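See below for the structure under consideration.
The values are calculated or read from the model by the stated rules, or taken from the named source; none is laboratory data. In this text, all values refer to a predicted model and were calculated from it rather than measured experimentally. Note that each Cβ is placed from the backbone with ideal geometry, even for glycine, and that neighbours are counted across all protein chains shown. Heads up: the accessible areas ignore ligands, DNA and RNA and are worked out on the full protein's heavy atoms, side chains in. Shrake-Rupley method; radii C 1.70, N 1.55, O 1.52, S 1.80 Å.
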Amino acid sequence: MNVPNRIRLGVVGCGAISGAYLGMAKNFPIVQVVACADLDMEKARAKAAEYGVPKVLGVDQLLESPEIDLVMNLTVPRAHVATALRAVENGKHTYSEKPLGVDRAEGMKLLEAAKKKNVLVGCAPDTFMGSGIQTARKLLDEGIIGRPVAFTAMMMCPGHEHWHPSPEFYYQAGGGPMFDMGPYYLTALLNLLGPVKRISGMASVAISLRTITSRDKYGQTIVVQTPDHVCGMLEFQNGAVGSLITSFATRFPTYDWQQPITIYGTEGTMRVIDPNTFDGPVHYRRKDDADWVEAPPQFVTGYGRSVGVADMAFALQGGRAHRASGSQAMAVLDLMRGFLDSSESGRSYEPVTSYERPAPMPAGLPFGVLDL
Ligand SMILES: NC(=O)c1ccc[n+]([C@@H]2O[C@H](COP(=O)([O-])OP(=O)(O)OC[C@H]3O[C@@H](n4cnc5c(N)ncnc54)[C@H](O)[C@@H]3O)[C@@H](O)[C@H]2O)c1
């Protein structure tokens, strides 16, 4: 594998989330955004101007450009695999927004193609690399609450049509609350608790017709084509059993939005940050503690979306594994589909993919540096 000193990035998909990547990527000298593209050239031009990206290319041009080493794929879910496959076929590494794909078959197809071409596949989320989940993982591994027994995890909201300029994809295959927000929760839970043994799910379309109330498409309607309310139980190989609720059909939830995951152990309980964020307080309370204890962050704070891509760049140079990997995202995709499959079959689902936790983040390195 030929690895340049600085990994040259091309961004495909210049919509709502692209600014978060383009802004944060500047903090990692190991990567350099050299071009961006979108089906809508106007969007690509606007983002290039805003973030100082040197070139705007057509999508095909970018995917074929010899000046690009890694394609950051920020398109909508149903275009993730098609776009990533084209990058891979051209010998480029790829990092996609979540989910990896809309079903298991296309996720596997991408990973196999990348293996053949000897290139890396990365996938969001990279929020688990932030200080919040990393600190929680370290404390759990140290046994601060004993052996994890149970957990609850919740992501409940009314949906995204009141704010997103083009919310249709949230209600198509590859969308819904599980495929949209499940990746954050499941990636965090896998990092905290390890591989899953089995799951059982129940899913429904609770609100079948949506009216957009964000500005550009105000008043247009969306027919919901995928479950907008997905719940389930997960049994982890370490014995912990708990529940996950993801919903785009609920209002005024009463759980703590800042710490929506609680893990109950034999010796105490831990409250974990919103896995859609990087930093935030972790609290625990052991059986003899008079009150909750706030754990200070034990890892670098301030990271944002694109730390996963920077980690891929360090991995390429150091010959080590990257953390926000395609195989982790494949395990998450397998579980997300599993909730829907279990709901349809009425039986529990056992994952067909294996999972191994990525290495913890390094502690004590300067901001923006992920390897010595
Ligand atoms: N918006 C958010 O807050 C948010 C947060 C985290 C993750 N994400 C994820 O990021 C991805 C993009 O979301 P978004 O909110 O930016 O969507 P968006 O609709 O605002 O932007 C997607 C962009 O991709 C372009 N596009 C679509 N298909 C394409 C193709 N085949 N080739 C090239 N360009 C194509 C569209 O023209 C559009 O500009 C989704 O997978 C979503 O789940 C979004």
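Only residues that are in contact with a Ser or Thr (Cβ under 9 Å, 6 or more places away or on another chain) and more than 16 Å from the ligand (Cβ to nearest atom) were counted across region 86-119, and they come to 5. Restricting attention to region 92-119, the residues that are open to solvent by less than 40 Å² (accessible area, probe 1.4 Å) and part of a loop (DSSP other than H, G, I, E, B) total 8. Scanning region 18-67 for residues that are more than 12 Å from the ligand (Cβ to nearest atom) and of a type in the set (D, E) yields E50, E64, E67. Among residues of region 3-17 that are more than 16 Å from the ligand (Cβ to nearest atom), those with a Cβ under 9 angstrom from a residue that is of a type in the set (D, E) and at pLDDT 95 or above, sequence gap 6+ or separate chain, pair up as V3/D69; P4/D69; R6/D69; I7/D69; R8/E67; R8/D69. The residue that is farthest from the ligand (Cβ to nearest atom), counting only those in region 151-172 that are open to solvent by less than 30 Å² (accessible area, probe 1.4 Å) and in a strand (DSSP E or B), is F151.
Suppose the filter is within 21 Å of R6 (Cα to Cα) and within 10 Å of the ligand (Cβ to nearest atom); does L70 pass it? Taking the combined requirement at face value, the residue does not satisfy it. Of all residues in region 257-290, those satisfying the criterion of being out of contact with any Lys or Arg (no Cβ under 7 Å at 6 or more places or on another chain) and of a type in the set (D, E, K, R) are R271, D274, D279, R285, R286, K287, D288, D289. Residues of region 120-137 that are within 15 Å of the ligand (Cβ to nearest atom) and part of a loop (DSSP other than H, G, I, E, B): A124, P125, D126, G130. Select from region 250-288 the residues that are outside any strand (DSSP E or B), touching a Gly at 6+ places or on another chain (Cβ under 7 Å) and over 15 Å from L192 (Cα atoms) and list them in ascending order. Within region 250-288, Q258, T266, E267, T277, D279, G280, K287 meet the criteria. For region 128-142, the set of residues classified as farther than 14 Å from A240 by Cα and open to solvent by less than 40 Å² (accessible area, probe 1.4 Å) consists of F128, M129, G130, S131, G132, I133, Q134, T135, A136, R137, L139, listed by residue number. Residues that are buried (at least 18 other Cβ atoms within 10 Å of the Cβ), among the charged types (D, E, K, R) and in contact with an Asp or Glu (Cβ under 8 Å, 6 or more places away or on another chain) are absent from region 179-186. Among the conditions (1) under 30 Å from V33 (Cβ atoms); (2) away from the ligand (no atom under 13 Å from the Cβ); (3) open to solvent by 20 Å² or more (accessible area, probe 1.4 Å); (4) of a type in the set (K, R), the only one that R147 does not satisfy is (1). Of all the criteria given as (1) touching a helix residue (DSSP H, G or I) at 6+ places or on another chain (Cβ under 7 Å); (2) open to solvent by 30 Å² or more (accessible area, probe 1.4 Å), the one not satisfied by V307 is (2). Scanning region 229-264 for residues that are farther than 17 Å from T187 by Cα and touching a Phe, Trp or Tyr at 6+ places or on another chain (Cβ under 9 Å) gives H229, F248, Y264.
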